[in-house]
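Peer 1: Let me give you the structure first, and then I'll get to my questions.
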Amino acid sequence: MINLGIQGACDEALYQLGLDIEELEDLEEDAGLGNGGLGRLAACFLDSMATLGLAAYGYGIRYEYGIFAQKIRNGEQKEEPDDWLRYGNPWEKARPEYMLPVNFFGRVIDTDEGKKWVDTQVVFAMPYDNPIPGYGNNVVNTLRLWSAKSPIDFNLKFFNDGDYIQAVLDRNLAENISRVLYPNDNFFEGKELRLKQEYFMCAATLQDIIRRYKASKFGSREAVRTDFKHFPDKVAIQLNDTHPSLAIPELMRILIDVEKLPWDEAFDITTRACAYTNHTVLPEALERWPVSLLQSILPRHLEIIYHINFLFLEKVKEKYPGDMDRMRRMSCVEEEGEKRINMAHLSIIGSHAVNGVAALHSEILKNDLFKLFYEMEPNKFQNKTNGITPRRWLLLCNPGLSDIICEKIGDEWPVHLDQLVALKKWAKDANFQRIVGKVKQENKLRFAQLLEKEYGVKVNPSSLFDIHVKRIHEYKRQLLNCLHIITLYNRIKKDPTAKFTPRTIMIGGKAAPGYHTAKQIIKLICAVANVVNNDPIVGDKLKVIFLENYRVTLAEKIMPAADLSEQISTAGTEASGTGNMKFMLNGALTIGTMDGANVEMAEEMGLDNIFIFGMTVEQVEELKKKGYNAYDYYNGNADIKQCVDQIQGGFFSPSNPNEFKGIADILLKYDGYYTLADYADYIKAQDKVSATYQNQGKWLEMAINNIASSGKFSSDRTIAEYAREIWGVEPSWEKLPSPNAGN
Ligand SMILES: *Cc1c(COP(=O)(O)O)cnc(C)c1O
């Protein structure tokens, strides 16, 4: 409604009917079709591509069950299935006329006309189209999501055998492909069904792209053969991580086996069409599919991958004669242990551009993870710093702040976010500070009312709202935040009369159901909250809340109400982050490490407007080389010792004193994220936060500087860069009234 410019009209229309639009909004399900930042980024990109008038499609899977709903019961995470389609989805339109077959299993045979993939099992891909309107430009793009449909003759042999009932029941097997989203964030799980999902999406999408290309004037047919000469000029396929990387061998297979192009021509077309965005450097997140699984499910693709790799290694050999170690390290095929295909290597080899998602991350790709590839083809490597759509993450979610910005600088900032910089001149203006402070206070009050209504928890709305929301992961260091909470608690207990800046610390996020440590971290946060919130000595000074079921609609309520944004990952682990940008745009101050896009945020606003702490990537590297011994920090800092001893000894789990021994063990023995090494500097930075909050004039000046400096982090800027520097097209926002606007 916002993008179509009909929000006011709809609001009014519902009001006339005696209905409240906010009540209606609460009834709508989140489309939880992603895990965390990666899927949310794609959604922001769709909004920006439509807004910039690009002829772009989003492709994905129409999961019947999205990311699970998180319930907290007795201080523990419980997962409930997300049956989001239960009452239907009014935004989607099935397009049975574009249904396509996808093949699995089978074998490869040699024929006179080349290789053929035969004896396969077929599953159909049914497209469902979802409209993506641009902002005020009368453009509507399409998000096309594939749903698995059993073929009519699936299990026909059972019909002949007479087991009709079983044959009908078995139709579910094929349709299981799009049943449920795998709930891991930043973690690779090499499951057969997951591989089938990835190929299902690639195969359906590529057929769809080629069908559309053939229908265009560029795919003109001479006799029976389509002319693919113009394909890479007309089609750009941006791989959002390696999850769709099978698009590369699939496009090769279609061009060679089906369209009968020679290998070299097919490979040239493929690499010029494809580009790869890397989203993580964490080794446990990188996709490495067992060859045995590919052999059974996608035998022809495995052959093609092997040949791509063979020809690539020939080029490596030519450039670096005799350097066998380099060849081994650049190969798509990993030979040590179970034989696997490294999908990142395949993606680099099969693409003309490779990018990271923040300046620091792109440097790490060039200097570390993909160093040898960078040495060989430096011009392939780019950076595209992530962004967020200002329509959802300011205009929609924070109307109070949007209104006062419009009063100062007009109403074009939602499509020209750089214009926010004009607010800088009012950063020290006491009157504007008062207005910005009032909006923040109203947003905090509204969120406090929601907490009381939905969860029955009472918070002090004048306390500092300190918020840490994102997927629960050791690298994101919710444990570091937890140590700060315990430290504050211990201080209050030690001297209840000491001056204290009241805080409400809120932590939220889902743990992958199979990630034991992440679930223990949630349990610890809830246990600490239980002790802190029920201690009469603590009173109104400190409250700790675990925010249940963190998701986009909750994020839209949190961001406007945040005073402090926690972005405290170990330097070098968070590729970019986008939550950091949402907070900044809504006037929260950041306490953060020099990681991901935090680095660029600090650069935009200046170090005076952000609380930076902790080791840099270089210092982390140094510590790793030297050898990290957590006991050095534990023995050298009495506050750390007290916190860890309390966790270890059952202070927060009196009914089960051993409950959190495992967590203490991680902190002291197995912590790959150096939590204790950053503790002291983190506490110091938090103390500076508390002191600054006492000076509301200073705090609001910083908040205004944050808002004013967030122009760079519009996903419009990100998409304009992808368009110009990878896709070879020129984006532009053109104001056009919707034909129906105002009616
Ligand atoms: C933005 C967003 C994320 C990503 O947050 P990070 O802090 O960048 O990890 C995850 N989940 C939801 C619901 C979001 O809106």
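The values are calculated or read from the model by the stated rules, or taken from the named source; none is laboratory data. Because the structure is predicted, anything quoted here is derived from the model rather than measured. Here Cβ is always computed from backbone atoms with ideal geometry, including for glycine, and neighbour counts include all displayed protein chains.
Peer 1: Tell me, which residue of segment 197-239 that is of a type in the set (V, I, T) and part of a loop (DSSP other than H, G, I, E, B) is farthest from the chain's Cα centre (by Cα)? It would help to see each step written out before you state the result.
Peer 2: As a first pass, look at segment 197-239 and keep what is of a type in the set (V, I, T): 205, 209-210, 224, 226, 235, 237.
After this cut, where a residue has to be part of a loop (DSSP other than H, G, I, E, B) as well, the list is 224, 235.
Working: V224: 43, V235: 25 Å.
Out of the qualifying residues, it is V224.
Peer 1: Working only within segment 25-71, note down all residues that are among the acidic types (D, E), touching a helix residue (DSSP H, G or I) at 6+ places or on another chain (Cβ under 7 Å) and more than 16 Å from the ligand (Cβ to nearest atom). Walk me through it before giving the result.
Peer 2: Narrowing segment 25-71 to residues among the acidic types (D, E): 25-26, 28-30, 47, 64.
Next, from what is left, pick out any that are touching a helix residue (DSSP H, G or I) at 6+ places or on another chain (Cβ under 7 Å): 30, 47, 64.
Answer for segment 25-71, where residues must be among the acidic types (D, E), touching a helix residue (DSSP H, G or I) at 6+ places or on another chain (Cβ under 7 Å) and more than 16 Å from the ligand (Cβ to nearest atom): just E64.
Peer 1: Right, next: How many residues are farther than 27 Å from A597 by Cα and surrounded by fewer than 24 Cβ atoms within 10 Å (Cβ to Cβ) when one looks only at segment 331-357?
Peer 2: 10
Peer 1: Given the criteria under 20 Å from N355 (Cβ atoms), buried (at least 21 other Cβ atoms within 10 Å of the Cβ) and modelled with pLDDT of 95 or more, does Y199 qualify? Before the answer, list the steps.
Peer 2: On the way: under 20 Å from N355 (Cβ atoms): no; buried (at least 21 other Cβ atoms within 10 Å of the Cβ): yes; modelled with pLDDT of 95 or more: yes.
So Y199 fails the test.
Peer 1: Scan segment 259-311 for residues that are under 30 Å from the mean Cα position of the chain (by Cα) and part of a loop (DSSP other than H, G, I, E, B) and jot them down.
Peer 2: N278, H279, T280, V281, L282, L286, E287, L298
Peer 1: In addition: Can you list residue pairs whose Cβ atoms sit under 6 Å apart, with the first residue in segment 263-281 being of a type in the set (G, A, S) and the second being not in a loop (DSSP other than H, G, I, E, B)? Count only pairs 6 or more apart in sequence or on different chains.
Peer 2: From segment 263-281, the pairs are A266/M252; A266/L255; A266/I256; A273/P232; A273/I237; A275/Q238; A275/A353; A275/I726.
Peer 1: Here's another thing I want to ask about it. Name the pairs: first residue in segment 527-553 and assigned to a loop (DSSP other than H, G, I, E, B), second residue polar (S, T, N, Q) and more than 15 Å from the ligand (Cβ to nearest atom), Cβ to Cβ under 6 Å, at least 6 apart or on different chains?
Peer 2: From segment 527-553, the pairs are D540/N460.
Peer 1: Can you tell me how many residues in segment 493-515 are away from the ligand (no atom under 16 Å from the Cβ) and under 21 Å from the mean Cα position of the chain (by Cα)?
Peer 2: Result for segment 493-515: 2.
Peer 1: Can you name every one of the strands (runs of 3 or more DSSP E) wholly within segment 336-383 that holds 2 or more residues which are more than 22 Å from the chain's Cα centre (by Cα)?
Peer 2: Here the list reads 340-342.
Peer 1: Please list, ordered by residue number, the helices (runs of 4 or more DSSP H) wholly in segment 1-103 having 3 or more residues that are closer than 30 Å to A236 by Cβ, within 17 Å of the chain's Cα centre (by Cα) and not small (G, A, S). Walk me through it before giving the result.
Peer 2: Details: elements: 7-16, 21-27, 37-51.
Correct list: 37-51.
Peer 1: The conditions are (1) farther than 15 Å from T692 by Cα; (2) within 14 Å of the ligand (Cβ to nearest atom), and I591 fails exactly one of them. Which is it?
Peer 2: (1)
Peer 1: Of G106, G114, which residue is surrounded by fewer than 14 Cβ atoms within 10 Å (Cβ to Cβ), more than 27 Å from L450 (Cα to Cα) and either touching a residue at least 60 places away in the same chain (Cβ under 8 Å) or among the polar types (S, T, N, Q) (or both)?
Peer 2: Details: G106 fails: surrounded by fewer than 14 Cβ atoms within 10 Å (Cβ to Cβ).
Just a single option satisfies the conditions, and that option is G114.
Listed here are the residues, each with its yes/no results for (1) of a type in the set (A, V, I, L, M); (2) within 11 Å of the ligand (Cβ to nearest atom); (3) surrounded by fewer than 23 Cβ atoms within 10 Å (Cβ to Cβ); (4) under 30 Å from L369 (Cβ atoms).
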| residue | (1), (2), (3), (4) |
| --- | --- |
| I537 | yes, no, yes, no |
| D540 | no, no, yes, no |
| V544 | yes, no, no, no |
| E548 | no, no, yes, no |
| L554 | yes, yes, yes, no |
| S565 | no, yes, no, yes |
| A575 | yes, yes, no, yes |
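Peer 1: Taking segment 401-444 as the region of interest, how many residues are of a type in the set (A, V, I, L, M), over 19 Å from Q694 (Cα atoms) and without any contact (Cβ under 8 Å) to a residue 40 or more places away in the chain?
Peer 2: Residues meeting the conditions: 2.
Peer 1: Within segment 376-401, track down each residue that is surrounded by 19 or more Cβ atoms within 10 Å (Cβ to Cβ), touching a Pro at 6+ places or on another chain (Cβ under 8 Å) and closer than 18 Å to A708 by Cβ.
Peer 2: P390, L394, L395, N398, L401
Peer 1: Could you please give the count of residues in segment 238-254 that are surrounded by fewer than 23 Cβ atoms within 10 Å (Cβ to Cβ) and among the hydrophobic types (A, V, I, L, M, F, W, C)?
Peer 2: The number of residues fulfilling the criteria is 2.
Peer 1: Sticking with this one: Considering only residues of segment 94-147 that are out of contact with any Pro (no Cβ under 9 Å at 6 or more places or on another chain) and among the aliphatic types (A, V, I, L, M), which is farthest from G66 (Cα to Cα)?
Peer 2: I109
Peer 1: I need the full set of residues from segment 452-468 which are more than 12 Å from L542 (Cα to Cα), surrounded by fewer than 21 Cβ atoms within 10 Å (Cβ to Cβ) and in contact with a strand residue (DSSP E or B) (Cβ under 7 Å, 6 or more places away or on another chain), in order please.
Peer 2: Result: V457, single match.
Peer 1: Quick check on W733: is it within 30 Å of T277 (Cβ to Cβ), at pLDDT below 95 and of a type in the set (F, W, Y)? Walk me through how you get there before you give the answer.
Peer 2: Details: within 30 Å of T277 (Cβ to Cβ): yes; at pLDDT below 95: yes; of a type in the set (F, W, Y): yes.
In short, yes.
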